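Written out below as structure tokens is the structure these notes cover.
Read the figures in this text as sums done on the coordinates, not as results from a lab. Computed from a predicted model, the values in this text were never measured in an experiment. Counting neighbours? That spans all protein chains shown, and the Cβs are built from the backbone with ideal geometry, glycine included.
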Amino acid sequence: MRRLFPARRPAVQSRWHRIQRCKRRAFSGAQSLYLRPKTLDEAVTLLASPGGQILAGGTDFYPALGERLPQGRVVDITALREIRGISFEAGQVRIGGLTTWSDVIRAPLPRCFNALKAAAREVGSVQIQNRGTVAGNLCNASPAADGVPPLLALDAEVELASSAGNRRMQLHQFLAGNRKTLRRPDEILAAVLIPCRMENAASAFLKLGARRYLVISISMVAVVVLPDAAGRVAEAHIAVGSCSAKALRLRDLERVLVGLPFKRGIGAAVMPEHLACLTPIDDVRATANYRRDASLTLVQRALEACVETP
Ligand SMILES: Cc1cc2nc3c(=O)[nH]c(=O)nc-3n(C[C@H](O)[C@H](O)[C@H](O)COP(=O)(O)OP(=O)(O)OC[C@H]3O[C@@H](n4cnc5c(N)ncnc54)[C@H](O)[C@@H]3O)c2cc1C
């Protein structure tokens, strides 16, 4: 029977529907091969021969493809249970390479991780947080990646696994620029490692976007402050994202803050020259000048928020 009212595709397809369509098309053709190893050893062996692309939560992978199909071998690492989850080791916290943002939100973590947890709650929506991984956020290396400033402020390191063995490097070195990292194509980011030295430090994360949710930031700031027994700043770590090709620590400001009383009003110590290392751009979201002004205010507010958190 002929349909009187032929079914029509909705005029506007959601991003999720486009991702699903792309996925179906991607693996129906002969140009790509989909592999889902069960162990890290299997995965690094598959990646040892050139042409493999890593797929984790897919929340950056598929949008980056647009309407194109993935080429070559897609190595889906979502079955590598051994690298999912958060554990406490001698002197450090290990966030496995397959740990999602929701895992971070749920985990009982020391006080200095409050900024990372706040950032996790800002990543997209709950659905995105359930799929998207911390490692994917770092490897995608967007200047606006929410996970980067808190992890920089925590002095995080990354562990890269390949068939040749493991190597570690500081996160600030791993991130080489806009969408650039020092990861070799045969390497899996197996873990993010955070030293426990500052576990009792206060921390805060603030993100400014054009709207409250599901937004790419105009600027974002993560602060970790360790006070001494006399109530003065012993150590301060401050990172700003979305205002340079990669998020940066404000080292000059960090030095200025050491020794100041850790109390209300500390934000007044932040001066425009402390943000001179930032190189914000004019784009659809904001002008460079607005980004500079907003970042200064965010840094001041994040410092005040640290004082006020118990
Ligand atoms: C609707 C929507 C909203 C979003 N909102 C935000 C937001 O507010 N803030 C934000 O920061 N991000 C946001 N994102 C981006 C994304 O969700 C995060 O960056 C997420 O953490 C990426 O993780 P993933 O597991 O999905 O990575 P994937 O998409 O699977 O991979 C991303 C890249 O990293 C590589 N990769 C992944 N895991 C590894 C690994 N272990 N080792 C080596 N390489 C790896 C992949 O090959 C790929 O190049 C959003 C995305 C969507 C679709």
Review point. Could you list log10 I(q)/I(0) for the chain at q = 0.07, 0.09, 0.10 Å⁻¹, which the Debye formula gives when each Cα is one point scatterer?
Key: -0.30, -0.49, -0.59
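Give, in nm to one decimal, the length gained when the segment between R121 and L69 is fully stretched (0.36 nm per residue of separation minus the Cα-Cα distance). All intermediate terms of the calculation are to be shown ahead of the outcome.
On the way: separation 52, 0.36 × 52 = 18.72 nm, distance 3.07 nm.
Result: 15.7 nm gained on full extension.
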Study note, to complete from the structure: Residue by residue through the range 33-42, the couplings from Karplus 6.51 cos²θ - 1.76 cosθ + 1.60 with θ = phi - 60°, in Hz, x for Gly and Pro, are 10, 9, 10, 10, x, 9, 10, 5, 4, 4
Check your understanding: Per 5 Å bin, what percent of the C-alpha pairs of the range 210-310 does each bin hold, from zero upward?
Key -> 2, 13, 24, 23, 16, 11, 6, 2, 1, 0
Review point. Once you wrap a convex hull around the alpha carbon atoms of the range 250-296, what is its projected area averaged over all directions, in nm²?
Key: 3.6 nm²
Point to revise | Under 12 Å from the Cα of K117 - aspartates and glutamates, other chains or at least 8 residues apart | key: D103, D146
Review point. Sorted by mean Cβ packing within 10 Å, highest first, what order do the peptides 289-296, 135-142, 216-223 take?
Key: 216-223, 135-142, 289-296
Check your understanding: For A236, what is the net charge nearby, where nearby means another residue's Cβ is under 12 Å from its Cβ and Lys, Arg count +1, Asp, Glu -1?
Key -> 0
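What percent do you get for the relative contact order of the chain when only Cα pairs under 8 Å and 6+ apart count?
Reported relative contact order: 15 percent.
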Exercise for review: Taking just the C-alpha trace of the range 56-105, give me its Rg and Dmax in Å.
Suggested key: 14.3, 46
Practice item. For K180, list the lysines whose Cα falls under 17 Å from its own Cα; do not include residues on the same chain fewer than 8 positions away. Key: K246
**Study point:** Value of Rg/Rh across the range 95-230 [Cα atoms, Kirkwood radius]
**Key:** 0.96
**Study point:** Those aspartates and glutamates that a straight Cα-Cα span of less than 15 Å connects to K263, excepting residues fewer than 8 apart in one chain
**Key:** D228, E235, E304, E308
